[in-house]
């Protein structure tokens, strides 16, 4: 892999962002529903593998359709897969280390920090002038997903109480 392509932000953004939003949503939603660590970890691992492979294959096919060549298609695929896997494993670690009640706020803070870092990385790589505005838009979407996941979890807990 050439250094220019290895450091290209586009090779990491899609997978990392998808992992952050999905993993926070799972932890917040399932945690709010009263789920214990086992199902949350099972969900995180399933997403880290199945959804990650699905997204990576989609990126690979998209790159092939763009006609960028086999080498760059595979490079984007592998970098996306690894970025998403590493992000997902960081959320797995949070759930392993903390109780579910504590994992929720820790995951939220960690996810928000990652979104800020990725957003800042984008603004630098494409030389955007209004960095705060761009970061703010990404944070707004992240916060909306956190709130929606919380309410979905609460609705599930209210309508399907655990025995």
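Annotations for the structure displayed:
- From 29, 42, 34, residue being loosely packed, with under 14 Cβ neighbours inside 10 Å and modelled with pLDDT of 90 or more: 42
- Considering the conditions (1) part of a loop (DSSP other than H, G, I, E, B); (2) farther than 27 Å from residue 29 by Cβ, residue 72 is excluded by exactly one of them, (1).
- Filter pass, residue 60 being loosely packed, with under 14 Cβ neighbours inside 10 Å and in a helix (DSSP H, G or I): no
- Considering the conditions (1) surrounded by fewer than 17 Cβ atoms within 10 Å (Cβ to Cβ); (2) without any contact (Cβ under 8 Å) to a residue 60 or more places away in the chain, residue 125 is excluded by exactly one of them, (2).
- Exactly one residue out of 95, 100, 106, 115 is without any contact (Cβ under 8 Å) to a residue 40 or more places away in the chain and either surrounded by 14 or more Cβ atoms within 10 Å (Cβ to Cβ) or out of contact with any helix residue (DSSP H, G or I) (no Cβ under 8 Å at 6 or more places or on another chain) (or both): that is 106.
- Scan of the stretch 144-163 for residues that are assigned to a helix (DSSP H, G or I) and loosely packed, with under 14 Cβ neighbours inside 10 Å, ordered by number: 144, 147, 148, 151, 155, 158, 159
- Residue 88 vs. criteria crowded, with 19+ Cβ neighbours inside 10 Å and over 30 Å from residue 33 (Cα atoms): no
- For residue 137, the stated conditions hold: it is in contact with a helix residue (DSSP H, G or I) (Cβ under 9 Å, 6 or more places away or on another chain), farther than 22 Å from residue 44 by Cβ and surrounded by fewer than 16 Cβ atoms within 10 Å (Cβ to Cβ).
- When residue 128 is tested against the conditions (1) in a helix (DSSP H, G or I); (2) at pLDDT below 85, the lone failure is (1).
The values are calculated or read from the model by the stated rules, or taken from the named source; none is laboratory data. What you see is a predicted model, and the numbers here were worked out from it, not measured in a lab. Positions of Cβ are generated from backbone atoms using ideal geometry, with glycine treated the same way; all protein chains shown enter the neighbour counts.
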